[in-house]
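The values are calculated or read from the model by the stated rules, or taken from the named source; none is laboratory data. Note that the coordinates shown come from a computational prediction; the quantities given were computed from them, not determined experimentally. All Cβ positions, glycine included, derive from the backbone under ideal geometry; neighbour counts span all protein chains shown. For accessibility, only protein heavy atoms count, side chains too; no ligands or nucleic acids. Shrake-Rupley method; radii C 1.70, N 1.55, O 1.52, S 1.80 Å.
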Amino acid sequence: MKHNPNFCTTKYRSMLLSATFTMAVVYLMLLCDNIIAGLILGTNGVAAINLVTPLIGITTFLSLCVSSGMGIIYGRAIGAADRKRADQIYSLGVIATAVIAVIIPLLLIVFKNTYFSMTGAQGVILDLAKEYYFLLPLDAFLTILCNYIEQAIFSDGDEELEALSYVVQIGGNIVLSIFLAKWLGIRGIMLGTVIGNALAFVILSLHFFKKSNILRFIKYFSWKDLGECIKYSIVDAITYPLWGITDFVLITYISRCYDEKYLVVLAVVFSLVELAVIFDGIGTAIQPLLSVYFGEENPLMVRRLVKAAIKTAIVEGIVATGIIIAFAPWFARLFGINEVGLDTGGVRSCRNPNRRFNFCLLSSFYAGDILLSLH
């Protein structure tokens with residue numbers, strides 16, 4: 001099938017705008033709980049939330065293990081005009097996601113005390129972390145469901161509704177978390193996050209009532225196809241457990257060997273590292289188009305998309321690096337860091353890792369999606 005080059009460019013820009021906005025909102029959701037805690041509860045609140053962050057990373061990883069790969073394989077099936085195959089992959093993802101959404105919250109409930117004992121945290125920070133953790137199983141359940149539906153409707157071409165769901169999600173999260181934090185403390189911050197995720201789930205569900213919806217559920221399960229989904233998902237998904245494991249190791253080290261007040265500086269570092277999720281907007285934007293063009297065996301359009309992605313990656317990397325270096329002092333203060341010594345460490349933690357890792361993280365996000373889509 002032939003495609004108009006202008007259509008390819010226009011569609012890519014449209015999906016890039018939506019995907020970048022989506023990933024920016026994802027970053028804000030990762031960031032806003034810490035900022036609200038820093039401004040309302042102080043640095044102990046930030047450190048407490050960071051104590052739970054590794055588990056959130058593992059939850060995100062397990063949900064993306066299905067959703068990202070489903071998007072790639074589903075897009076290939078649509079490009080090859082194989083409606084039956086597309087329905088099978090979507091349905092497989094629904095079943096796998098439902099199982100994960102039940103198992104993960106149960107594991108979080110069962111191993112709560114074991115996890116906290118392994119961190120070595122004590123005192124006020126540990127008490128606050130347990131309060132924040134209280135609603136984590138419910139939040140994990142909603143997050144897993146939302147991640148899959150978001151990918152499904154994005155692959156189905158409804159990027160506008162996906163973007164709307166993120167606006168509602170982040171808006172509800174911020175407003176409710178601020179209000180509830182003043183009333184319920186750190187538990188109120190998590191409650192605001194849960195309500196925001198629930199609102200997003202409702203918005204995303206509207207897609208299934210649209211005439212344009214072509215997602216169809218059928219009874220289908222295949223271990224082989226599930227393995228394919230995981231294979232294609234792993235490049236994006238593996239980032240989250242690596243961040244989580246690294247964060248957990250450093251939390252344990254700082255808790256046992258240094259004053260726990262330095263845990264807030266660690267939170268600043270990882271909030272900066274998580275900025276890399278915005279760059280995934282490039283891979284998210286080109287992934288459905290690449291999958292379709294690959295299914296159509298159209299190498300010309302594939303090359304056009306790859307060149308456009310490379311140019312976008314370079315521009316985004318330069319802009320992000322400049323912004324973070326320039327605004328590092330304000331970024332650290334967002335976490336409530338005002339103590340002499342900690343403020344200097346917070347600013348350095350923003351600038352130093354950014355110079356070293358920004359372009360590396362950028363490359364890993366968009367290049368991984370390209371390579372897997374072309375596999």
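In segment 212-230, how many residues are touching a residue at least 24 places away in the same chain (Cβ under 8 Å), closer than 18 Å to residue 98 by Cα and either not charged (D, E, K, R) or not in a helix (DSSP H, G or I) (or both)?
Number of matching residues: 11.
Name the residue that is nearest to the chain's Cα centre (by Cα), counting only residues in segment 229-249 that are crowded, with 18+ Cβ neighbours inside 10 Å and among the aliphatic types (A, V, I, L, M).
237
From the set of residues in segment 49-88 that are in a loop (DSSP other than H, G, I, E, B) and either among the hydrophobic types (A, V, I, L, M, F, W, C) or in contact with a Leu (Cβ under 9 Å, 6 or more places away or on another chain) (or both), which is most open to solvent (accessible area, probe 1.4 Å)?
81
Taking segment 201-237 as the region of interest, how many residues are under 25 Å from residue 173 (Cα atoms) and either of a type outside the set (S, T, N, Q) or at pLDDT below 85 (or both)?
Adding up the residues that qualify gives 9.
Tell me whether segment 160-172 contains one or more residues that are modelled with pLDDT of 90 or more, open to solvent by 30 Å² or more (accessible area, probe 1.4 Å) and in a helix (DSSP H, G or I).
no
State which residue pairs qualify: first residue among the acidic types (Asp, Glu) and inside segment 281-305, second residue modelled with pLDDT under 75 in any location, beta carbons under 9 Å apart, and separation of 6 or more residues or different chains.
296/1; 296/3
Which ones in segment 140-159 are among the small types (Gly, Ala, Ser), out of contact with any Pro (no Cβ under 7 Å at 6 or more places or on another chain) and open to solvent by less than 20 Å² (accessible area, probe 1.4 Å)?
Matches in segment 140-159: 152 only.
Which residues, counting only those in segment 116-134, are part of a helix (DSSP H, G or I) and more than 17 Å from residue 34 (Cα to Cα)?
Listed by number, the residues that qualify are 116, 117, 118, 119, 123.
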